[in-house]
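Heads up: the structure comes next, in structure tokens.
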Amino acid sequence: MSKVKTLGQFIIEKQSDFPFSKGELSRLLRDIGIASKIVNREVNKAGLADILGDAGEINIQGENVKKLDVFANEQFIAALSLGGECCAIASEENEDIIIVNNEMSKNAKYVVAMDPLDGSSNIDVNVSVGTIFSIYRRTSLSGPGTNEDFYQRGTEQVAAGYVIYGSSCMLVYTTGKGVNGFTLDPSIGEFCLSHPNMQTPKSAVTYSINEGNYVHFPLGVKKYIKYCQEEDDDTSRPYSSRYIGSGVADIHRNLIKGGIYIYPITSKSPKGKLRLLYECNPLAFIIEQAGGKACDGFNRIMELDMKELHQRTPLFIGSYDMVETASSFMAKYSSQDELIMTNPIA
Ligand code: AHG
Ligand code: MN
Ligand code: MN
């Protein structure tokens with residue numbers, strides 16, 4: 001008898017955690033799993049098929065859109081629209097929300113926010129990329145989903161997760177009762193429970209930040225980086241620096257091994273680079289559920305107010321003690337005014 005537990009079996013088993021659930025959330029997670037497998041198939045043949053390079057468009061963040069971004073976006077939108085459990089989708093690749101307005105979804109309870117392909121600058125070079133998703137219960141009563149359905153704090157997330165298309169493909173998600181990781185077994189085409197109840201080390205020795213932007217960092221971040229590089233046997237410093245440039249991959253490694261990932265404000269990205277709705281909030285939910293911490297340097301990520309669909313925020317995320325220490329440097333050397341001054345929506 002095989003002891004393998006598939007994602008589908010696990011989701012059904014966990015449905016009893018939600019006594020009033022009618023299985024909608026389970027079906028939504030199933031739909032995301034299906035789209036992930038299709039995207040993974042395309043990522044795996046990225047060197048073979050003609051899907052490398054730019055699709056010739058600029059997305060609403062002003063970045064080149066790679067063909068695989070477009071493909072992933074389409075796959076997730078299709079799976080979520082056809083699945084019937086989601087009434088609107090917000091995607092990094094679309095300026096406005098996508099209203100799902102078909103017969104099957106007219107009573108759908110949920111909205112989904114996603115970054116369909118995270119780390120897209122790494123597609124061409126065979127380095128891990130990912131998908132991030134975040135699920136909210138709609139606040140509108142019925143009919144098609146609305147913009148307002150997405151203007152909720154991260155604390156209201158019902159579920160969140162990411163898929164990492166790495167040396168193996170993994171799906172990691174939480175519904176607020178711990179974090180579980182599933183590895184795709186390509187021989188049977190199923191995500192199988194491989195990392196039950198994931199916990200991140202409270203403290204660790206890895207820091208992940210694009211140090212090329214050093215001169216543009218707030219003083220608190222500069223001082224923290226210097227602290228990471230100092231010699232101190234008691235705290236195992238100097239720490240190691242690891243930065244892939246795919247947030248999902250950096251944060252996944254740090255989730256397992258421990259570490260801190262920082263994307264602060266810089267003069268190039270005065271509001272921070274990462275997006276609150278479909279990057280920072282879902283990653284924060286997962287990391288908090290795994291025992292870690294996520295803040296913007298001063299405030300808990302999941303308590304930030306959502307004021308714009310594609311709102312950006314600085315992000316400090318990872319092992320609890322490391323994020324606390326980094327925040328203490330921010331409190332000592334930087335001012336929250338730096339964020340407010342440069343961030344008119346903060
Ligand atoms: P995306 O590919 O969805 O635009 O996200 C990329 C993000 C994040 O994944 C990564 O950590 C960061 O941007 C890298 O930014 P820099 O190249 O500025 O370091
Ligand atoms: Mn991203
Ligand atoms: Mn992206």
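Considering only protein heavy atoms, what per residue accessible area in square angstrom results for the stretch 7-195 with a 1.4 angstrom probe?
43 Å²
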Legend entry - Helix-only CD estimate at 222 nm, as mean residue ellipticity for the chain, using -39500 (n - 2.57) per DSSP H run (n ≥ 4): -9000 deg cm²/dmol
Inset, instruction - Please build a GNM for the chain, connecting alpha carbons under 10 Å apart, and tell me which residue among Ile11, Ile260, Ile225 fluctuates the most. - result: Ile11
Legend entry - Computed E for Asp96/Asp337 - FRET, C-beta separation, R0 25 angstrom, nearest 0.05: 0.20
Inset, instruction - On the protein heavy atoms, probe 1.4 angstrom, tell me the percent of accessible surface of the stretch 67-115 carried by carbon and sulfur. - result: 50 percent
Inset, instruction - Order the peptides 26-36, 109-119, 302-312 from the highest to the lowest mean number of other Cβ atoms within 10 Å of their residues. - result: 109-119, 26-36, 302-312
Legend entry - Protein accessible area in the stretch 206-333, 1.4 Å probe - carbon and sulfur %: 44 percent
Inset, instruction - Sticking with the crude label model, points 7 Å out along Cα→Cβ, report the distance from Arg242 to Lys45 in nm, one decimal please. - result: 3.2 nm
Legend entry - Prolate/oblate/rounded label for the stretch 7-195 (Cα gyration tensor, a/c 1.5): oblate
Inset, instruction - For Thr139 and Val125, compute 0.36 nm times the residue count separating them, minus their Cα-Cα distance, and round to one decimal in nm. - result: 0.9 nm
Inset, instruction - Run through the DSSP bridge list for the chain and note the antiparallel percent, rounded to the nearest 5. - result: 85 percent
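Just round it to a whole percent: the fraction of Cα-Cα distances in the chain exceeding 38 Å.
13 percent
The values are calculated or read from the model by the stated rules, or taken from the named source; none is laboratory data. Note that this is a predicted model, so its numbers are computed, not measured. Cβ sites come from the backbone with ideal geometry, for glycine too, and all protein chains shown count toward neighbours. To get the accessible areas, we keep the full protein, side chains included, count just its heavy atoms, and leave off ligands, DNA and RNA. Shrake-Rupley method; radii C 1.70, N 1.55, O 1.52, S 1.80 Å.
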